[in-house]
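S.K.: Here it is, the structure in full.
The values are calculated or read from the model by the stated rules, or taken from the named source; none is laboratory data. All values derive from a computational prediction rather than experimental measurement. Virtual Cβ from ideal backbone geometry, glycine too; neighbours counted across all protein chains shown. Heads up: the accessible areas ignore ligands, DNA and RNA and are worked out on the full protein's heavy atoms, side chains in. Shrake-Rupley method; radii C 1.70, N 1.55, O 1.52, S 1.80 Å.
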Amino acid sequence: MRLDGYGLFVDDMGKMIRFYRDVLGFEIREDENTDNVYLLKDGTLFLLYGRKDFEKLTDKRYVYLKGVNAHSEMALYVDTFSEVDIQYANAIANGASSLLEPTTEPWGQRTCFIADPEGNIIEIGSWDKPYEEKDK
């Protein structure tokens, strides 16, 4: 099997589209009143599913956590340490919650953690080199 995509189940589609599109730079073209968002982000399928729509599709009811959802984490990479700080400040100014302010860790990575408006955890990090060179 290969990873094809990553999806989030959302309550307020408009708010989440605005956050991922306007704050994090995802290329979402769908209207804010859409039921589902499907897009490629850096070669990976990214999805936003309306919770009620998914329940209707599967004919099941689900329980959703309130507040910060510590069941998964999405990691975003930027090329420089200063970009970590800039993206963190931008996200906080636009509705994200701070979980860990930008910190340079002992292993050499600068990282921070935020939660999107519905509590999904996102890491923004850098090894202070371009993405293509980060694992070399």
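S.K.: With respect to N90, determine if the residue is among the polar types (S, T, N, Q), surrounded by 12 or more Cβ atoms within 10 Å (Cβ to Cβ) and modelled with pLDDT under 90.
M.R.: no
S.K.: May I pose another question? Among the β-branched types (V, I, T), touching a helix residue (DSSP H, G or I) at 6+ places or on another chain (Cβ under 8 Å) and under 21 Å from Y131 (Cβ atoms), is that true of V23?
M.R.: yes
S.K.: So which of E101, E73, E83 ends up being farther than 20 Å from G7 by Cβ, charged (D, E, K, R), outside any loop (DSSP other than H, G, I, E, B) and open to solvent by 70 Å² or more (accessible area, probe 1.4 Å)?
M.R.: E101
S.K.: Only residues that are among the charged types (D, E, K, R) and in contact with a Gly (Cβ under 7 Å, 6 or more places away or on another chain): list them for the stretch 12-68, please.
M.R.: E32, D35, listed by residue number.
S.K.: Further question on the same structure: Could you run through the stretch 106-131 and say how many residues are on the phi < 0 side of the Ramachandran plot, out of contact with any Gly (no Cβ under 9 Å at 6 or more places or on another chain) and in a loop (DSSP other than H, G, I, E, B)?
M.R.: 5
S.K.: May I ask you to list the residues in the stretch 18-74 that are polar (S, T, N, Q) and more than 13 Å from the chain's Cα centre (by Cα)?
M.R.: N33, T34, N36, T58
S.K.: Separate question: Do you know which residues across the stretch 79-136 are of a type in the set (D, E, K, R) and either in contact (Cβ under 8 Å) with a residue 40 or more places away in the chain or under 23 Å from G14 (Cα atoms) (or both)?
M.R.: Across the stretch 79-136, the qualifying residues are D79, E83, D116, E118, E123, D128, K129, K134.
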